[in-house]
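Quick notes on the structure that follows.
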Amino acid sequence: MVIYIDGDACPVTQEIVLLAKERELQVKLIKSYAHYSLQRYDSHVQEIYVDSANEAVDYKILAMVQADDLLITQDYGLASLALQKNCQVIHPKGFQYTQININTLLESRYQSAQIRKQGGRTKGPDPYTDEDRKQFKQVMRDTLS
């Protein structure tokens, strides 16, 4: 198993890196050049930078990820495509994407986009909390067990 991180806006990168190290798993952190960082990681983490074009990170992840790998992403569309490749996918807020919940999540995203297209406003995500981080770490540990 390789752990892939959709890294442009992942609030739990450090937690993933530490949990992966404990289990001697490789991590691939995929980011756009617009999110370049000087931070250096241990040898089990490979940083991969791609063009800053829309969806470039998603395309790179989909080209690399394989069945039974683990992906961490907030992107419902990317999660849906990774599930089709038989990957395990976790949201940074600590829930696992499944074939059962993905359609509901995609429908919600579509409905919100339609409202915005018509000039309406939709509520954005709630702020990331310590409880979200705790929940994520528990789900990640369970997934890696």
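Exactly one of these conditions fails for Tyr33: (1) modelled with pLDDT under 95; (2) under 20 Å from Lys85 (Cβ atoms). Give me its number.
(2)
Anything in region 13-30 that is out of contact with any strand residue (DSSP E or B) (no Cβ under 7 Å at 6 or more places or on another chain), assigned to a loop (DSSP other than H, G, I, E, B) and either among the aliphatic types (A, V, I, L, M) or free of Cβ contacts under 8 Å to residues at least 60 places away in the same chain (or both)? List them, or say none.
The answer is Glu24, and nothing else.
How many residues, within region 36-45, are touching a residue at least 24 places away in the same chain (Cβ under 8 Å) and exposed (fewer than 13 other Cβ atoms within 10 Å of the Cβ)?
The qualifying residues number 1.
Got a sec? Which of Tyr59, Tyr49 is over 26 Å from Thr129 (Cα atoms), touching a Lys or Arg at 6+ places or on another chain (Cβ under 9 Å) and either surrounded by 15 or more Cβ atoms within 10 Å (Cβ to Cβ) or of a type in the set (D, E, K, R) (or both)?
Step by step, each of Tyr59, Tyr49 is checked, and only Tyr49 is over 26 Å from Thr129 (Cα atoms), touching a Lys or Arg at 6+ places or on another chain (Cβ under 9 Å) and either surrounded by 15 or more Cβ atoms within 10 Å (Cβ to Cβ) or of a type in the set (D, E, K, R) (or both).
Take the conditions modelled with pLDDT of 80 or more, on the phi < 0 side of the Ramachandran plot and in contact with a His (Cβ under 9 Å, 6 or more places away or on another chain) and apply them to Tyr128. Does it pass?
Spelling it out, it is not the case that Tyr128 is modelled with pLDDT of 80 or more, on the phi < 0 side of the Ramachandran plot and in contact with a His (Cβ under 9 Å, 6 or more places away or on another chain).
Looking only at region 78-118, count every residue that is at pLDDT 90 or above and in a helix (DSSP H, G or I) and tell me the total.
7
For region 31-56, enumerate the residues that are closer than 24 Å to Val139 by Cβ and part of a loop (DSSP other than H, G, I, E, B).
Selection gives Tyr41, Asp42, His44.
Restricting attention to region 57-72, report how many residues are assigned to a loop (DSSP other than H, G, I, E, B) and touching a Phe, Trp or Tyr at 6+ places or on another chain (Cβ under 8 Å). Give the steps one after another, and end with the answer.
Step one: filter region 57-72 for residues assigned to a loop (DSSP other than H, G, I, E, B), giving 65-69.
Of the ones still in play, those that are also touching a Phe, Trp or Tyr at 6+ places or on another chain (Cβ under 8 Å) are 65, 69.
Adding up the residues that qualify gives 2.
Out of the residues in region 118-145 that are of a type in the set (Val, Ile, Thr) and within 16 Å of the chain's Cα centre (by Cα), state the one that is surrounded by the most Cβ atoms within 10 Å (Cβ to Cβ).
Val139
Which condition does Tyr4 not pass, out of (1) surrounded by 20 or more Cβ atoms within 10 Å (Cβ to Cβ); (2) without any contact (Cβ under 8 Å) to a residue 60 or more places away in the chain; (3) assigned to a strand (DSSP E or B), if it passes all the others?
(2)
Of the residues that make up region 63-81, is at least one farther than 21 Å from Asp126 by Cβ, buried (at least 17 other Cβ atoms within 10 Å of the Cβ), of a type in the set (Asp, Glu) and without any contact (Cβ under 8 Å) to a residue 60 or more places away in the chain?
No - not one qualifying residue is present in region 63-81.
The values are calculated or read from the model by the stated rules, or taken from the named source; none is laboratory data. These numbers come from a predicted model, not from an experiment. Positions of Cβ are generated from backbone atoms using ideal geometry, with glycine treated the same way; all protein chains shown enter the neighbour counts.
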